[in-house]
1. What is the residue count in the stretch 194-213 for residues that are exposed (fewer than 15 other Cβ atoms within 10 Å of the Cβ) and touching a Lys or Arg at 6+ places or on another chain (Cβ under 8 Å)?
2. Which is surrounded by 14 or more Cβ atoms within 10 Å (Cβ to Cβ), free of Cβ contacts under 8 Å to residues at least 24 places away in the same chain and either closer than 23 Å to Lys75 by Cβ or of a type outside the set (Asp, Glu) (or both), of Val189, Val101, Val133, Val123?
3. Among the numbered criteria (1) at pLDDT 95 or above; (2) over 23 Å from Pro200 (Cβ atoms); (3) basic (Lys, Arg), which single criterion is violated by Lys139?
4. From the list Tyr88, Tyr61, Tyr14, Tyr27, pick out the single residue that is modelled with pLDDT of 95 or more, of a type in the set (Phe, Trp, Tyr) and either more than 30 Å from Asp148 (Cβ to Cβ) or surrounded by 10 or more Cβ atoms within 10 Å (Cβ to Cβ) (or both).
5. Suppose the filter is at pLDDT 95 or above, within 26 Å of Val25 (Cβ to Cβ) and over 14 Å from the mean Cα position of the chain (by Cα); does Val115 pass it?
6. Would you say Thr56 is modelled with pLDDT under 95, surrounded by 10 or more Cβ atoms within 10 Å (Cβ to Cβ) and either of a type in the set (Val, Ile, Thr) or in contact with a helix residue (DSSP H, G or I) (Cβ under 8 Å, 6 or more places away or on another chain) (or both)?
7. Please list, ordered by first then second residue, the pairs with beta carbon atoms under 6 Å, 6 or more apart or interchain, first in the stretch 22-51 and at positive phi, second modelled with pLDDT under 95 and of a type outside the set (Lys, Arg).
8. Looking at this structure, is Gly168 farther than 18 Å from Gly31 by Cα and either out of contact with any Asp or Glu (no Cβ under 7 Å at 6 or more places or on another chain) or surrounded by fewer than 13 Cβ atoms within 10 Å (Cβ to Cβ) (or both)?
Amino acid sequence: MRQLIFFCLLFTLYTACKKEKTEPVIYPDYGNLQVGNYWIYQRFLLENGVYTPQNTIDSSYVEKDTLINGQTYAKIKSINFEAPSGTYKSLFLRDSLHYIVDEKGKILFSSENTVDTFSTGYVILDFPSMDTVAFTFAKMDEGVFMTDVPAGSFQTRNYKFTYVLYPGWSQGGDTREVINRYAEDVGLVEETLGAYIGSPIYPVRRLIRYGKN
């Protein structure tokens, strides 16, 4: 009888431990970083919510996976319009839980974290004097947004990099916002390419087509 009781006790403990074992959490894929995937974009100028199309088409594609410091990154190639014609630039990204990070560890997106500030800094003009132009910070917007681009309508989560301009530099407004919009299982559907201190116009690129391998 004692052996039977001991066996039942062991079985109960084993069953309890087995039930406590949890499955790994799988987060939604907002990077879409599989080799062979590509995105085609059109350039626009954005002013006061109005998009004006430009006659510029560019693209990005995942060329291959590569190891950096023991981690696997997707190598993404894009046309570099700041260099001679036909020149490409490379970006290295990986999914890390619900984050998208680059090879330097910079957080570019999170599908879950809308609380933390990912980075802060200052813009300092070093000529002709050391003048502080803006304070900067990056974080995710709260919630899910409907984003309309030429490729269609997507529910997106939005990464925002904000410039808070110092007095003397805020004639065109106190803030500038660089916003990148990501859709699940698609990737980056709209990207703000820059912000200018004295102008309300933002250059952006918007998705017109994408392909998955």
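1. Residues meeting the conditions: 1.
2. Val101
3. (2)
4. Result of the check over Tyr88, Tyr61, Tyr14, Tyr27: Tyr61.
5. Criteria met by Val115.
6. For Thr56, the condition - modelled with pLDDT under 95, surrounded by 10 or more Cβ atoms within 10 Å (Cβ to Cβ) and either of a type in the set (Val, Ile, Thr) or in contact with a helix residue (DSSP H, G or I) (Cβ under 8 Å, 6 or more places away or on another chain) (or both) - is met.
7. Once the first residue is at positive phi and sits in the stretch 22-51, its partners that are modelled with pLDDT under 95 and of a type outside the set (Lys, Arg) give Gly36/Asn213.
8. When the stated conditions are applied, Gly168 passes them.
The values are calculated or read from the model by the stated rules, or taken from the named source; none is laboratory data. What you see is a predicted model; the values in this text were computed from it and never measured. Because the Cβ atoms are built from the backbone with ideal geometry, glycine has one as well, and the counts that use them run over all protein chains shown.
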